[in-house]
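The structure under discussion appears below in the form of structure tokens.
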Amino acid sequence: MPAPLRVAVTGAAGNIGYALLWRLASGDCFGPDQPIELQLLEIPPGMERLLGVVMELQDSAFPLVHRITATSDPAEAFQDADAVFLVGSRPRSKDMDRADLVAANGPIFTGQGRAINDHAKRTVKVITVGNPCNTNCLIANANSPDLGDECFSAMTRLDENRAVGQLAVKAGVPPAQIADVFIWGNHADTMYPDLQRATVNHKPAAEIFDSDWLRGEFHKTVATRGKAIIVARGASSAASAASAAVDHMRDWWHGTQGRIVSMAIPSKGWYGVPEGLIFSFPVRVSAQGQIEVVEDLVLDDYARTQIQKNVDALLEERAAVADLL
Ligand code: NAX
């Protein structure tokens, strides 16, 4: 058996944490033969809930879980971490707009970025889930000067999975028959689900779905799905978010075998997106875990407009946290 991987999860006593930890512990992310050590971070008011979560993890007797640490000290949580799930953040309350959310969460990610910089493995893979996840990732990356850009990402896989789910229902096929759907931009309602390379049962999606539906109802449903879940469930997406985080990290760890998926990563100027913005691109991941942006796509005016909307929104968010970068 290989040596255990150290996997850090922040906000581990929250809703997403409660779904995510069981998926990690059962081997869904790093593989059925890969032991892990869980390093769980909470703020002091969350520690008692976290201890309850640890009790339940112990009671699940997962063969792959070799050790569990519960702490409110980021240095301890990120010590020698191979993989980090940045989930913990301040939720948006009723009176907060997006700018307030950006301002409230920024300071969390400066501190955690520095702690990752100082304590995690140099090859660490960080996924940022806590919202606003693109800009939180930007802050964490900026505060980890000793780590390369290739260590940081934010999650738009839930948006991708939501898009695939909608297409599967519309076409009446299982999601596994749908391939190469991807998301551009920000994890926000400006995000753009692009089907130019997508296939259903190996047939181009453009031959199957009506373009008015794709640009209208489909796009709107995917973009506003988070709000619809809150209305229906009385709570935000948790199990689907955890599942998407597992998909993202599993694909980063093991590679995508040629499939295209969505990851928000630091831009190197691809498709005119300003350098450094954490932007969701279509990517493939090599078996060695190297993320490669798909660079040969042709963008029509519609796609360019959608992408620009996301660039504008992310530049605004970046300006709002300029003092933290
Ligand atoms: P919860 O409020 O249930 O849990 C968050 C947990 O984080 C709490 O236990 C809290 O004590 C802890 N926390 C707060 N500040 C912390 C800090 N500085 N260090 C460590 N822990 C801290 O929220 P949950 O439903 O789990 O959602 C977590 C985050 O994911 C939210 O920001 C949410 O908006 C975001 N989401 C992101 C998604 C995405 O696709 N990127 C989708 C789902 C979700 O909305």
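Go through region 79-99 and give me each residue that's in contact with a strand residue (DSSP E or B) (Cβ under 9 Å, 6 or more places away or on another chain) and not polar (S, T, N, Q). Give the derivation first.
Let us first name the residues in region 79-99 that are in contact with a strand residue (DSSP E or B) (Cβ under 9 Å, 6 or more places away or on another chain), namely 79-89.
Result: Asp80, Ala81, Asp82, Ala83, Val84, Phe85, Leu86, Val87, Gly88.
Are any of the residues in region 254-270 within 28 Å of Leu5 (Cβ to Cβ), open to solvent by 10 Å² or more (accessible area, probe 1.4 Å) and assigned to a helix (DSSP H, G or I)?
The answer is yes; a qualifying residue exists.
Using the structure shown, decide if Ala242 is within 16 Å of the ligand (Cβ to nearest atom) and either farther than 19 Å from Val129 by Cβ or modelled with pLDDT of 95 or more (or both).
Working: within 16 Å of the ligand (Cβ to nearest atom): yes; either farther than 19 Å from Val129 by Cβ or modelled with pLDDT of 95 or more (or both): yes.
Here the answer is yes, as Ala242 does meet what is asked.
Hey, any hits in region 57-75 for a residue that's within 16 Å of the ligand (Cβ to nearest atom), among the hydrophobic types (A, V, I, L, M, F, W, C) and without any contact (Cβ under 8 Å) to a residue 24 or more places away in the chain?
no
Considering each residue of region 196-222, count those that are without any contact (Cβ under 8 Å) to a residue 40 or more places away in the chain and within 20 Å of the chain's Cα centre (by Cα), and give that number.
Kept after step one, since they are without any contact (Cβ under 8 Å) to a residue 40 or more places away in the chain, are these residues of region 196-222: 198-208, 210-212, 214, 216-217, 219-220.
Still in the running and within 20 Å of the chain's Cα centre (by Cα): 219.
Of the residues in that region, 1 qualify.
Taking only pairs six or more apart or across chains, which ones have beta-carbon atoms under 8 Å, a first residue in region 42-56 that is without any contact (Cβ under 8 Å) to a residue 60 or more places away in the chain and near the ligand (Cβ under 9 Å from one of its atoms), and a second residue that is part of a helix (DSSP H, G or I) and open to solvent by less than 80 Å² (accessible area, probe 1.4 Å)?
Glu42/Leu50
Residue-by-condition table, conditions (1) out of contact with any helix residue (DSSP H, G or I) (no Cβ under 9 Å at 6 or more places or on another chain); (2) in contact (Cβ under 8 Å) with a residue 60 or more places away in the chain; (3) at positive phi:
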position: Asp247; (1), (2), (3): no, yes, no
position: Gly258; (1), (2), (3): yes, no, yes
position: Pro282; (1), (2), (3): yes, yes, no
position: Gly289; (1), (2), (3): no, yes, yes
position: Asp296; (1), (2), (3): yes, no, no
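List, please: which pairs have Cβ atoms under 8 Å, are six or more places apart or on different chains, and start with a residue in region 224-245 that is farther than 20 Å from Ser93 by Cβ and in contact (Cβ under 8 Å) with a residue 12 or more places away in the chain and end with one that is more than 8 Å from the ligand (Cβ to nearest atom) and outside any helix (DSSP H, G or I)?
Correct list of pairs: Ala245/Phe85; Ala245/Ile127.
Which residue out of Ala142, Ala171 is more than 16 Å from the ligand (Cβ to nearest atom) and either without any contact (Cβ under 8 Å) to a residue 60 or more places away in the chain or aromatic (Phe, Trp, Tyr) (or both)?
Working: Ala142 fails: either without any contact (Cβ under 8 Å) to a residue 60 or more places away in the chain or aromatic (Phe, Trp, Tyr) (or both).
Among Ala142, Ala171, only Ala171 is more than 16 Å from the ligand (Cβ to nearest atom) and either without any contact (Cβ under 8 Å) to a residue 60 or more places away in the chain or aromatic (Phe, Trp, Tyr) (or both).
Residue check, Glu150 against (1) at pLDDT 95 or above; (2) crowded, with 17+ Cβ neighbours inside 10 Å; (3) not in a strand (DSSP E or B), all met but one. Which one?
The one condition Glu150 does not meet is (2).
Any residue at all in region 188-197 that's open to solvent by less than 30 Å² (accessible area, probe 1.4 Å) and within 21 Å of Arg250 (Cα to Cα)?
To start, the set of residues in region 188-197 that are open to solvent by less than 30 Å² (accessible area, probe 1.4 Å) comprises 188, 191-195.
Within this subset, residues satisfying the condition of being within 21 Å of Arg250 (Cα to Cα) are none.
No, that holds for no residue.
Take Gly88 and tell me if it is in contact with a Pro (Cβ under 8 Å, 6 or more places away or on another chain), within 14 Å of the ligand (Cβ to nearest atom) and at pLDDT 95 or above.
On the way: in contact with a Pro (Cβ under 8 Å, 6 or more places away or on another chain): no; within 14 Å of the ligand (Cβ to nearest atom): yes; at pLDDT 95 or above: yes.
No; evaluated as a whole, the condition is false for this residue.
Return yes or no: is Gly272 on the phi > 0 side of the Ramachandran plot and in contact with a strand residue (DSSP E or B) (Cβ under 9 Å, 6 or more places away or on another chain)? Quick ask: steps written out before the conclusion?
On the way: on the phi > 0 side of the Ramachandran plot: yes; in contact with a strand residue (DSSP E or B) (Cβ under 9 Å, 6 or more places away or on another chain): no.
Spelling it out, it is not the case that Gly272 is on the phi > 0 side of the Ramachandran plot and in contact with a strand residue (DSSP E or B) (Cβ under 9 Å, 6 or more places away or on another chain).
Regarding region 41-63, can at least one residue be identified that is modelled with pLDDT of 95 or more, within 21 Å of the chain's Cα centre (by Cα) and buried (at least 20 other Cβ atoms within 10 Å of the Cβ)?
yes
Can you name every one of the strands (runs of 3 or more DSSP E) wholly within region 29-136 that holds 2 or more residues which are in the same structural domain as His254 (by TED's automatic domain parsing)? Steps first, please.
Details: elements: 36-41, 65-71, 83-86, 125-128.
Counting at least 2 such residues, we get no strands (runs of 3 or more DSSP E) at all.
Residues Ala319, Ala313, Ala287, Ala239: which one is farther than 30 Å from Asn201 by Cα and surrounded by fewer than 16 Cβ atoms within 10 Å (Cβ to Cβ)? Give the steps one after another, and end with the answer.
Numbers: Ala313 fails: surrounded by fewer than 16 Cβ atoms within 10 Å (Cβ to Cβ); Ala287 fails: farther than 30 Å from Asn201 by Cα; Ala239 fails: farther than 30 Å from Asn201 by Cα.
Ala319 is the lone residue from the list that is farther than 30 Å from Asn201 by Cα and surrounded by fewer than 16 Cβ atoms within 10 Å (Cβ to Cβ).
The values are calculated or read from the model by the stated rules, or taken from the named source; none is laboratory data. Bear in mind that the values here come from a model prediction, so they are computed numbers and not experimental data. Neighbour counts run over all protein chains shown; Cβ positions are idealised from the backbone, glycine included. All accessible areas refer to the heavy atoms of the entire protein, side chains included, with ligands and DNA or RNA removed. Shrake-Rupley method; radii C 1.70, N 1.55, O 1.52, S 1.80 Å.
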